[in-house]
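Below: the structure, in structure tokens.
The values are calculated or read from the model by the stated rules, or taken from the named source; none is laboratory data. In this text the structure is predicted, and so the values were computed from the model without any measurement. Note that we place each Cβ from the backbone using ideal geometry, even for glycine, and neighbour counts take in every protein chain shown.
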Amino acid sequence: MKAAKFEYILAESIEQVVQVLDQGDGEAIVIAGGQTLMPMLSMRLARPETVIDINKIAELSGIEVTADEVIIKACTRQAEALASPEIQTRLPLLAKAISYVGHQQTRNRGTVGGSLSHADPASEIPLAALAMDAHVSLRSAAGARRVAMADYFLGPMMTARADNEVLLAVHFPLPQGDVRVGTAFHEVSERRGDFAVVAAAAHIQLDKDGICSNAALAIGGADSVPLRMTALEDRLRGDAITPERIQAVLADVANALTPGNDQHASAAYRRRVATVLAERALTEAAAEAQE
Amino acid sequence: MNMERNLHYVATKRRVREDKRFVTGQGKYVQDVNLPDTKHAAVLPSPYPRARILSIETAAAEALDGVQMVLTGAQLAEDCNPIRLGLKLPEINWYPLAVGMTCYVGEWVAIVVADNAYIAEDALDLIEVDYEPLQPIVDPEQAFDETELLVHPGHGSNVLYHGNFLWGDVDSDFAGADDNLSFRARWGRSSTVPIETFGALARWDEGTEILDIWASIQMPNFVELMASTLGYPLNCIRLHQDVDVGGSYGVKRGIKQSVLVGYLSRKLRVPVRFIEDRLANMAGSDAHGPDRIFDTEVAFNKDGVIKSIKIRALDDAGAYPGRAPFQLAKPISAIVGPYKINSVKYEAISVCTNKSGQVPVRGFGQAPTNYMIEMAVDNVARHLGLDRLEIRRRNLIQPDEFPYQIPPGSKYDSGNYPVVLQKGLDLAGYDELLARRDKARAEGRLAGIGIATVLEPGGGNNIFEYLMDPSAEITTFMEGCEVRVDAQGNITGIMGTTTSGQGHETMMATILGEELQIDPDEIRIVHSDSLNALPTRSPIASRMAIMLGSAAAGAAGKIKDRAMAIAAHNLDRPVAELEYSGGTISDRNDPGHKLTWAEVCFIAYRAYHKLPDGMEPGFQAQYVFQVPGGGQLPDENNRVQVYPCFSFQAHVPYVEIDPGTGRVSVLDYAIAHDCGTVINPDIVRGMVIGGLAHGIGAALYEKFAYDDEGQFLSATFADYLMPSVHEIPDVKDVEHCTPSPLTSHGQKGSGEGGYLGAPAAIASAVNDALHPLGLHISELPMRMHKIEALINDGNT
Amino acid sequence: MSEAMRKIEISLTINGRTQTLAVEPRLSLSDMLRDELRLNGTHIGCEHGVCGACSILLDGVPIRSCLMLAVQADGHQITTVEGMCNEDQTPGILQEAFQDAHGMQCGYCTPGMLISAQALLTANNDPSLEEIKDAIGGNLCRCTGYTQIIESIQLAASRMREAG
């Protein structure tokens, strides 16, 4: 388990990164925290010609809060995001999700952008970002663009980011107006710290009368990409969220998913457990919003 | 043997001497041995479970800068013999590299030697193998029946061993019993999976014609197997046993790895080292454990008294059996567990399949057997509506019945099973635990308490081989200890084997200190190399406290005898009138008339004229301890004493199951443990709890999984799930001491115990939790998706 | 792939000593520590970031050294188990506590455990059981079942509190 040879470039600027990627013809790859890339290099599942290190680019690290969004730069460590009071108060769902990511040793090195770039269908940060209507900003030599999470995940470990693009940041919109927000993140894995077998992220907004003005439920690990349960969300909006209401919409979860089979769980398991976790996440998020 | 005597060091909490080097980063593992000019090896795995190797193209790899050699199985087989298997299976040729055929995914097809491991792996990329894939045999029951699809066609079938044993009148016990039941239980393919993989470093010395080897090894016969495979005389190989082994629990038996580096080192005339990486280890190390299907029938009376048991065990040994079939034979030591069962029928079958090979795992087949026995007892209780404790109380061997001979002939040395069980229940707070369970159930949760009362046979004894192969007339299973006293009077104890976390150095120093009345911290303990070593059978079989401990006591006794003889001669008193105290020997009637330890040592080394007539100069002693109860061949009814000492434990875990996800949480765990005299309490406690955690892994998480096509699915630690600290509950433990009459200080084995009971106990708890739903699971590991399917889908 | 892979010169501080060396880009930090610097206390168990045996402190926080390139350590401070001893090379409080409570058996996972525990206790010398479990949750031990490791950390914490 020793990596194949590659060139290493310690990038000093974003311009340099996009230039190298542009010339790399798909054979250049960005390393940030390395927590998913390093095993792939060691197992020679990834054999890039060039590895571009973005750890020293100051503008790719840090958390910014504006009036309408929280911006987490790509190279921000998961541990930093988890410990950030801004994240805990403004993006509680993300904080809940990150607490399930790996262990302190991997969170100290692993980055928020790295997790979104790797895009494992069962990983937590992409799921939370999807539930929160986040988008990523991408940059290539041709320019910058934004991609909404809804359009970002294309398949297992496949995203809308082109080989010549670098992920700069992820933008989380902040709820606007007089709303009460409740969030919940539930996952099941055999051991704590493992990738989820199935996970559910719920983000619920109630207006001042307790009526659901916006609901988001995302399921991970039960399809080739993390998925929003849009039909269910539509049915939740416009009413108070009660246990009966949740029960009434839950069947939509199983209908929306096409899970796979592997040694850790059957497709049937994933479908059933997605429903179970969806119920728990919705119930908990609704209760939190109602507090 | 003197149980009453006042012990100074044995059974006293003292630091474990090995620990200091480990906490400072000074442990010396095989990876840490650095020899000049060492070259590094890497192996090429087969991607197919079964394929003909049509050709291997190595020229490009050999041409790479920094590559010394590429070796294939065909080349190797010209120069070496197949590795000797446990059973005589002459048509199954196990070579370190595949020859002509690959028999499982991950089997090593070629090995590269290069300047470093990175270059070696670069070279692997350049080797081209042309395979003709063939249909594999994956399912063990299919393998048993199969006549066409054979893993080793020359062998004529996939059956490695098929034997029937009958001890007592099973038919009449079944006919006379009130009732009977049958069930199937399945033990999954897991293993011990130490955090250190296997590694070996070899250096051929042309000047001395000795092959030096450093290896992460824990096995008897290692050097013999290397010698027979390489075709060398036994005394041509020198195994350095002062290497710290990073965990083993049975599996560190890297014979093929060691043969490879030995062969390559002699070929290349440089030191060659091969440290398995995790992928090579999981898929290709032939280090998987038992994978067993039990079909069991039990006959019992209405009062719960179990009369007889019929067991059929079908075990999947993988492609190369090694000593795997014997893991069906050793449990004959305790085939009825701690229960008075009058007769036993045992059908043992070992088959090969296209999977990585099976290696001895902690307990050598006892953990699966105990799991099955405990399930039998629980099932009878459930069938009769009896409490699981009550049925155990009615069947347990009672303390006044020892030594107790079981139907296959072994006599259990000592024990007090009801008292230890009660201690376990008291520790668990059993009544409160019942209330907690019932409250959880009332609140709609699935909660269960597990009960397991199991034995840990300790001490070893190869005689089980004879039960499978009567040409294996091996009736000794010994361990040697040497003690040297130098001219200054310092004491050095020498063991002839390695240590892999069990604290043998501490154990040996404690016993030598106890016997010689000297602070163990002042005693040096070393590991001799294999050319210097007294006979040893290595740290298997929960045997080192029993065997090395008793050998150390024996050697210390000889040292004392010699000192007394020197003193008697010089003090002009008979030995009987002398007293030994902390090395000083004095006249009982005149304490001032004495010889100090320094004076004894001076006489031994310098003053030949003061030695008794005929005594050799110098001051050393050797003692080789034969296994108690060994030395016998089985009688005509296959009855024989297998292992000598029997430790006992009662496990009481508490679990809850999330009915929505099937996830099991082990929330509490109490264990009462009796291994006779505990030599070092911290060591014993650590191994008990550690074994228990290992057992929780086997019960709930760990499996080497293959798909129906023979593809291997568990090559990484992300797929083979060993428990982390979060999956292990806070364990409460208590010791009880029923000394063994067979050992120096009453000690028994303790290295396997937790593992031999935890899987049974967790299964008992899970089934207790599922009981209100009328459900039952009898397959390990009890992964959450299986339990969830049972609850919510009506099938597994 | 280009033929001659250049080595890259890096400079870093390991266990208080600044060192400069040239490394191949693909060399992992764990291999550099062991093979280039002979700091054999850092152990390799899986090389894919699960077992935690290779844990070290990078600028005071625990990370997996198998999941980092050696070149990425340029300019950083690293502490390995060897660097946890007192200045006179005697074992530190945590290392003493692991001996007193026998928080190990084979010793292979021990350096990683010590690193994780050290990071915890440096930040918090009165950790709860849950905090201890979280700190070592990413370090697999096959021998002990963790109980005596937890007790070792609790013992060290109490001694640290006494020492102030």
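A few notes on this one:
- Residue selected from region B:204-228 under the condition in a strand (DSSP E or B) and within 12 Å of residue B:239 (Cβ to Cβ), by the criterion farthest from the chain's Cα centre (by Cα): B:210
- Considering B:475, B:498, B:453, the condition of being within 14 Å of chain C (Cβ to nearest Cβ) and of a type in the set (Ser, Thr, Tyr) is satisfied by B:498 alone.
- Checking each residue in region C:18-51 for being more than 8 Å from every other protein chain (Cβ to nearest Cβ) and assigned to a helix (DSSP H, G or I) picks out C:29, C:30, C:32, C:33, C:36.
- Residue check, residue A:127 surrounded by 23 or more Cβ atoms within 10 Å (Cβ to Cβ), under 26 Å from residue A:73 (Cβ atoms) and in the same structural domain as residue A:87 (by TED's automatic domain parsing): yes
Each row is one residue, and each column tells you yes or no for (1) in contact with a helix residue (DSSP H, G or I) (Cβ under 7 Å, 6 or more places away or on another chain); (2) free of Cβ contacts under 8 Å to residues at least 24 places away in the same chain; (3) farther than 28 Å from residue B:170 by Cα.
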site: B:256; (1), (2), (3): no, no, yes
site: B:266; (1), (2), (3): no, no, yes
site: B:279; (1), (2), (3): no, no, yes
site: B:317; (1), (2), (3): yes, no, yes
site: B:324; (1), (2), (3): no, no, no
site: B:328; (1), (2), (3): no, no, no
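- Test for residue C:34: is it of a type outside the set (S, T, N, Q), in contact with an Asp or Glu (Cβ under 9 Å, 6 or more places away or on another chain), surrounded by fewer than 21 Cβ atoms within 10 Å (Cβ to Cβ) and closer than 18 Å to residue B:28 by Cβ: no
- Close pairs (7 angstrom Cβ cut-off, 6 or more residues apart or separate chains): within 9 Å of another protein chain (Cβ to nearest Cβ) in region A:32-50, among the acidic types (Asp, Glu) anywhere: A:42/C:47; A:49/A:7; A:49/A:27
- Lone unmet requirement of (1) outside any loop (DSSP other than H, G, I, E, B); (2) surrounded by fewer than 21 Cβ atoms within 10 Å (Cβ to Cβ) for residue B:757: (2)
- Any hit, region B:74-87, residues being within 14 Å of chain C (Cβ to nearest Cβ) and buried (at least 17 other Cβ atoms within 10 Å of the Cβ): no
- Region B:468-493 residues that are at positive phi, paired with ones that are aromatic (Phe, Trp, Tyr) (beta carbon under 6 Å, 6 or more apart): B:489/B:597
- Considering residues of region B:606-620 that are crowded, with 17+ Cβ neighbours inside 10 Å and out of contact with any Cys (no Cβ under 8 Å at 6 or more places or on another chain) only, the residue nearest to residue B:569 (Cα to Cα): B:611
- Here region B:35-55 is the region considered, the condition is being in a loop (DSSP other than H, G, I, E, B) and touching a Lys or Arg at 6+ places or on another chain (Cβ under 7 Å), and the residue that is nearest to the other protein chains (Cβ to nearest Cβ) is B:38.
- From C:100, C:134, C:74, residue being facing chain A (nearest Cβ under 10 Å), in contact (Cβ under 8 Å) with a residue 40 or more places away in the chain and surrounded by 17 or more Cβ atoms within 10 Å (Cβ to Cβ): C:74
- Residue among B:111, B:119, B:92, B:137 that is in a helix (DSSP H, G or I) and of a type in the set (Val, Ile, Thr): B:119
- In this entry, residue C:45 is excluded by the filter for residues that are in contact with a Pro (Cβ under 7 Å, 6 or more places away or on another chain) and buried (at least 18 other Cβ atoms within 10 Å of the Cβ).
- Across region B:169-203, the qualifying residues are those that are of a type in the set (S, T, N, Q) and within 20 Å of the chain's Cα centre (by Cα), and the one among them that is nearest to residue C:50 (Cα to Cα) is B:197.
- Any hit, region B:157-174, residues being farther than 30 Å from residue C:47 by Cβ, assigned to a helix (DSSP H, G or I), at pLDDT 95 or above and of a type in the set (Asp, Glu): yes
- Pairing each residue of region B:116-144 that is within 14 Å of another protein chain (Cβ to nearest Cβ) with any residue that is crowded, with 16+ Cβ neighbours inside 10 Å and charged (D, E, K, R), provided the two are 6+ apart or on different chains, yields C-beta distances under 7 Å for B:117/A:2; B:118/A:2; B:118/C:26; B:121/A:2.
- Within region B:706-745, being under 23 Å from the mean Cα position of the chain (by Cα), surrounded by 24 or more Cβ atoms within 10 Å (Cβ to Cβ) and more than 10 Å from chain C (Cβ to nearest Cβ) holds for B:740, B:743, B:744, B:745.
- All of (1) surrounded by 17 or more Cβ atoms within 10 Å (Cβ to Cβ); (2) of a type in the set (Ser, Thr, Tyr); (3) out of contact with any strand residue (DSSP E or B) (no Cβ under 6 Å at 6 or more places or on another chain) hold for residue A:61 with one exception: (3).
- Any hit, region B:670-680, residues being of a type in the set (Val, Ile, Thr), within 24 Å of residue B:546 (Cα to Cα), crowded, with 24+ Cβ neighbours inside 10 Å and facing chain C (nearest Cβ under 8 Å): no
- Matching residues in region B:507-544 - criterion: being small (Gly, Ala, Ser), out of contact with any helix residue (DSSP H, G or I) (no Cβ under 6 Å at 6 or more places or on another chain) and crowded, with 22+ Cβ neighbours inside 10 Å: B:538, B:541, B:542
- Any hit, region B:172-179, residues being surrounded by fewer than 16 Cβ atoms within 10 Å (Cβ to Cβ) and within 14 Å of another protein chain (Cβ to nearest Cβ): no
Every residue, every condition in (1) of a type in the set (S, T, N, Q); (2) crowded, with 18+ Cβ neighbours inside 10 Å; (3) touching a His at 6+ places or on another chain (Cβ under 9 Å); (4) more than 19 Å from residue A:93 (Cβ to Cβ), yes or no:
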position: A:183; (1), (2), (3), (4): yes, yes, yes, no
position: A:205; (1), (2), (3), (4): yes, yes, no, no
position: A:208; (1), (2), (3), (4): no, no, no, yes
position: A:216; (1), (2), (3), (4): no, yes, yes, no
position: A:226; (1), (2), (3), (4): no, yes, no, no
position: A:241; (1), (2), (3), (4): no, yes, no, no
position: A:248; (1), (2), (3), (4): no, no, no, yes
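- Test: residue in region A:1-24 that is surrounded by fewer than 24 Cβ atoms within 10 Å (Cβ to Cβ), in a helix (DSSP H, G or I), more than 14 Å from chain C (Cβ to nearest Cβ) and small (Gly, Ala, Ser): no
- Members of region B:224-251 that are among the β-branched types (Val, Ile, Thr) and more than 20 Å from residue B:29 (Cβ to Cβ): B:229, B:237
- Residue satisfying all of: in region A:159-199; away from every other protein chain (no Cβ under 14 Å) and among the polar types (S, T, N, Q); nearest to residue A:264 (Cα to Cα) among these: A:159
- Boolean, residue A:54 is more than 9 Å from chain C (Cβ to nearest Cβ), touching a residue at least 12 places away in the same chain (Cβ under 8 Å) and over 19 Å from the mean Cα position of the chain (by Cα): yes
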